[in-house]
Every structure is written in structure tokens, then in C-alpha cells.
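S.K.: Structure provided below as C-alpha cells; questions to follow.
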Amino acid sequence: MINISELAFRYRGRGSNLESSFSMQVQEFAVPLGASTALVGPSGSGKTTLLGLIAGTLRATSGSIIVNDQAITGFSDNELGRYRIRSVGQVFQAFELLGYLTVIENVMLPWYISGNGVKADIRKRAADLLLDVGLESKQSAMPGELSQGEQQRVAVCRAMLNNPPVLLADEPTGNLDQANKQNVVDLLVEQAKRNNSTLLMVTHDESLLNKFDSVLDMRNVAQPLEVKSQR
């Protein structure tokens, strides 16, 4: 379960002649175990930022994020690293596949990092996931040999490999045709329910929203502000 309360995040960066800042506040929301929630809202509303805060790749300025009874906002850097390995499966917008690994090796990457389970069992699960997304014939291919849509499906399989308690997906269907969009979302939602995981997925595709238990419009829970000014 994910519980968020009085969450605030502020970022300030500097370029050669620009200063930019981003500020976001989320008052309160919760997603129960086994539930799937779609995050919607216009660009700049904080959807990707919120996923980063829950994943522990960004640190909140203040407030509380509790994931399965763990207050991750109080974690050290080492604790956040262990939390991400053990508890979080992520699908990134840019896929982030490793070009020197085969497709099935990329899917197995969370196992290589965590070392949990028997390798033969993990390899079978990776192969089964690739079968589910129609890529069973691509196991030995390299990422560079795949289309963007195929790479995206590999990234989805990788996120689900270790049955993580938390699944975070940032526009995982953006490069897919309609049939594969439906298939990938069905797979993510099914995995969340089967493993009692919590799924949060960013999407702009309204045709997918009926597949989720709930839809969270960031305009209703967040107050984002983005400012860019000449120095």
C-alpha cells in the first residue's frame, strides 16, 4: 500500500543563462495493495515527479511517503537503494535497456542485481513474460535490433520479473499500437492483482482508463509550479 501525506518537492537548477525551478505539493492520497491507479494530467502537473518520489530516485522536501508500512522519506541513500532493488519495478519513458545484453538478459537484470531465486526459475519466468507480450522469438536479439514498441515491451517485462510490491510505469504504452497497448496494460494490471502489488501508471490515453481500479487526476491532488527566468 502507498500512503502519501502533505508531500512537497522543490527543485532548482541552473543552466548557462537560465534558472529553472519546479515545485509540487500533494496533500493526501492512498493506493491499496493489489490496486491499480492511472495517473493523468497535463504535462508539467508532476506525474513523473511523483513516480520518482515513490521510487526513491527523488527526495521529498517535506511530507510523508509510506510504502507497505515503510516510511521511505526517512530512508538513508543506502536504504533507498535496497528498497528500490527489493520492492520497486519501474518502466521508464526511455526504456533504459542495456545494449550489450540480449533481450532475455535485459529482462533478467533485476535478478542479476538482487541475486534472489534460482537462475533457471528466473529465466523461465523471463521467457514466460516475453511470451505474454509476443516477443518469445526475440529472446536472443539485442535491443538495437528491436523496434521502439518491442523495446518498450521488454522494459515492461523487466519491471515485473521479481514480482515487486510496487510497480511504477511512466507512459509504458506510448510507442505501442492499440492492440499491444491493451495487452501491456492488461498484463500490468493482472500482475498487480495476482501478486498483491500496487500499480501506478502515467498515461495520456483515455481509452485505457477503464482498465484501472481508480484514476488520479494530478490537477486535483497536486499544485505544480514551474518557472524559467533569465539570469
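The values are calculated or read from the model by the stated rules, or taken from the named source; none is laboratory data. This is a predicted model, so every value here is computed, not measured. In this analysis, Cβ positions are derived from the backbone assuming ideal geometry, glycine residues included, and neighbour counts consider all displayed protein chains. What goes into the accessible areas is simple: the full protein's heavy atoms, side chains included, and nothing from ligands, DNA or RNA. Shrake-Rupley method; radii C 1.70, N 1.55, O 1.52, S 1.80 Å.
S.K.: Between residue 61 and residue 128, what is the FRET efficiency for a Förster distance of 30 Å, r being their Cβ-Cβ separation, to the nearest 0.05? Spell out each step's value before the answer.
M.R.: Values: r = 41 Å, r/R0 = 1.38.
Rounded to the nearest 0.05, the efficiency is 0.15.
S.K.: Another question about this same structure. Going by amide H atoms built from the backbone, whose H comes under 5 Å of the H on residue 91, apart from near neighbours?
M.R.: 168, 169, 170
S.K.: Let me ask something additional. Near residue 181, which lysines are there with a Cα under 29 Å away, not counting those fewer than 8 places off in the same chain?
M.R.: 47, 124, 138, 193, 211
S.K.: Ignoring ligands, DNA and RNA, what percent of the accessible area of the chain is carbon or sulfur (1.4 Å)?
M.R.: 47
S.K.: Please work out, to two decimal places, the log10 of the ratio I(q)/I(0) at q = 0.09 Å⁻¹ from a Debye calculation in which every Cα of the stretch 1-149 carries one identical scatterer.
M.R.: Listed by q, the Debye log ratios stand at -0.39.
S.K.: I want to check the label-to-label distance for residue 101 and residue 86. Put each point 7 Å from Cα in the C-beta direction and report it in nm to one decimal.
M.R.: Result for the modelled spin labels: 2.1 nm.
S.K.: Here is a further query. Hey, can you find the accessible area per residue of the chain for me, probe 1.4 Å, expressed in square angstrom? If you can, show how the numbers build up before the last one.
M.R.: Numbers: 11080 Å² over 231 residues.
For the chain, the solvent-accessible area averages 48 Å² per residue.
S.K.: Now a separate question. Using label points projected 7 Å from each Cα along Cα→Cβ, tell me how many nm separate residue 193 and residue 137, to one decimal.
M.R.: In this crude spin-label approximation the distance works out to 3.1 nm.
S.K.: Give me, ordered by chain and number, the residues 5 or more places off residue 58 or on other chains with an amide H under 5 Å from its own placed amide H.
M.R.: Those lying under 5 Å, H to H, from residue 58 are 53.
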